[in-house]
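The structure appears below as structure tokens.
Throughout, read-outs are computed from the coordinates displayed, never taken from laboratory work. All of these numbers come straight from a predicted model, not from anything done at the bench. All Cβ positions, even for glycine, are placed from backbone atoms using ideal geometry, and neighbour counts span all protein chains on display.
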Amino acid sequence: MVRPDGEIGRGTAFIWDIVIRPEYRGRGYGHAALEAIEPLARALGYDAIRLHVFGDNDIARHLYRAAGYSETNVSMMKRLA
């Protein structure tokens, strides 16, 4: 699911969710989905696409880096016993 991260045609589109069923992962569908979003975002006037990924989701982080996304911030947490 993609939605504006503000006014349509200004700023950034935000990817809220990408779901690839487990049995289809690792076949390039995630990368293809990311590529398919780019022309749509450009056509709507956006100059960037953002998304969130959890720090421990190494597979997704690798996918996003391979697709040209870069980390823009890092959240940290310490669990208390």
Review point. Rounded to two decimals, what is Rg over Rh for the chain when you use alpha-carbon atoms and the Kirkwood radius?
Key: 1.02
Review point. So what's the angle, to the nearest 10 degrees on a 0 to 90 scale, between helix 29-43 and the longest Cα principal axis of the chain?
Key: 40 degrees
Review point. What does the charge dipole of the chain about its Cα centre add up to, to the nearest 20 debye, if the Cβ of each Lys and Arg holds +1 and the Cβ of each Asp and Glu holds -1?
Key: 200 debye
Exercise for review: Quickly estimate the mean residue ellipticity at 222 nm for the chain, helices only: each DSSP H run with n ≥ 4 gives -39500 (n - 2.57), and the total goes over all residues, rounded to 500.
Suggested key: -9000 deg cm²/dmol
Check your understanding: According to a simple spin-label model (label point 7 Å from Cα along Cα-to-Cβ), what is the distance in nm between Trp16 and Leu80?
Key -> 3.3 nm
Study note, to complete from the structure: Sorted by chain and then number, the residues having a modelled amide H within less than 5 Å of the amide H of Phe14, at least 5 places away or on another chain, are Arg3, Asp5, Arg50
Practice item. Compute the length gained on full extension between Phe54 and Thr72: take 0.36 nm times their separation in residues and subtract their Cα-Cα distance, giving the result in nm to one decimal. Key: 5.2 nm
